[in-house]
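To start, the structure under review is shown below, and the notes come after it.
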């Protein structure tokens with residue numbers, strides 16, 4: 001009986017061990033099968049990505065043109081909120097023109113496109129420009145108007161070939177990094193319709209700057225050393241909150257166009273009469289203390305708009321300065337232009 005009991009115990013132990021090992025073997029097989037399944041899915045996923053990249057690249061290549069010897073990518077009114085990483089295979093591109101695509105940010109791989117000469121991403125939804133933008137040392141034009149930028153990376157100063165920069169109508173943009181003063185070749189800068197309250201210091205350090213538009217901001221005064229922008233020939237400052245002009249503006253010897261309409265100017269500095277190169281100036285819609293009118297001449301209908309602008313142009317400025325000098329501290333009054341020229345007025 002004891003022998004039978006021992007045999008039974010032994011058989012029971014063997015059975016338990018068998019069940020245990022079978023369970024372990026089954027679990028091991030399941031894990032192997034699971035790992036195999038994961039690997040297969042990964043392979044399928046990689047293949048899917050490869051095919052997806054090929055499809056995207058094929059789609060992008062359809063948008064590539066060769067114009068005047070330049071390789072150009074043009075996309076407009078198609079949804080591309082995020083640019084695919086597969087684009088790094090197209091680093092031969094020299095120009096990007098992507099408009100109304102809903103693009104939300106400039107990709108960090110932009111730094112790989114060292115052949116880029118023009119980057120035009122205006123009229124999108126871009127809220128961020130990565131620091132890698134500074135790797136584009138050959139870039140000549142960067143157009144980011146009508147986006148959602150709040151700031152610009154200081155690394156942009158690395159784009160030493162940049163000649164044209166447009167950041168208009170970003171609305172929340174209110175400052176520029178001081179480092180951008182290192183852009184020694186920048187000639188054209190558009191910062192209109194943003195939130196600037198002053199002309200950024202960086203602009204005064206740009207020796208090649210010739211054309212500047214800061215209209216539609218909240219600028220209240222101009223820097224006393226604005227004459228440091230020696231090569232500036234066109235300055236748009238319309239629709240700001242400027243109350244007075246510094247005398248140093250008269251030292252801007254190359255300035256040919258100055259637009260100051262829609263500000264809060266109450267006077268015109270007399271020193272501006274020596275600005276011989278100033279051919280177009282506009283003081284319309286300012287609360288000037290002295291009212292001066294130019295002689296009325298009958299104009300053709302198509303000339304009326306131009307004539308309307310000239311009523312507050314250079315002749316108006318010179319007449320205003322003459323009358324301001326003649327009056328000294330006299331009370332403001334309406335003065336016809338002919339009275340300024342002749343020195344007397346008919347009795348009224």
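Kirkwood's formula applied to the C-alpha pairs of the range 56-342 gives a hydrodynamic radius of 21.1 angstrom.
The gain in end-to-end length when the residue 150 to residue 91 segment is fully stretched comes to 18.4 nm, 0.36 nm per residue minus the alpha carbon separation.
How would you rank 86-92, 152-158, 321-327, highest first, on the average number of other Cβ atoms within 10 Å across their residues?
Descending packing order for the listed peptides: 152-158, 321-327, 86-92.
Calculated FRET efficiency, residue 39 to residue 184, Cβ-Cβ distance, R0 = 56 Å: about 0.55 to the nearest 0.05. The slack between residue 163 and residue 17, meaning 0.36 nm per residue of separation minus the straight C-alpha distance, is 44.4 nm. With a Förster radius of 22 Å applied to the beta-carbon distance between residue 251 and residue 171, the computed FRET efficiency rounds to 0.10.
Using Cα-only point scatterers and the Debye equation, what is log10 of I(q)/I(0) for the range 81-234 at each q in 0.12, 0.14, 0.15, 0.19 Å⁻¹, rounded to two decimals? For the range 81-234 at q = 0.12, 0.14, 0.15, 0.19 Å⁻¹, log10 I(q)/I(0) is -0.48, -0.65, -0.74, -1.18. As a calculated quantity, the FRET efficiency between residue 108 and residue 243 at R0 = 41 Å, using C-beta atoms, amounts to about 0.40. Residues within the reach of a label modelled at residue 285 (point 7 angstrom out along Cα to beta-carbon, backbone nitrogen below 20 Å), restricted to the range 231-265, are 235-245, 257-265.
Coordinate-derived values only; no laboratory data. Since this is a predicted model, take the numbers as computed values, not measurements. Don't worry about glycine lacking a Cβ; one is built from the backbone with ideal geometry, like all the others, and counts go over all protein chains shown.
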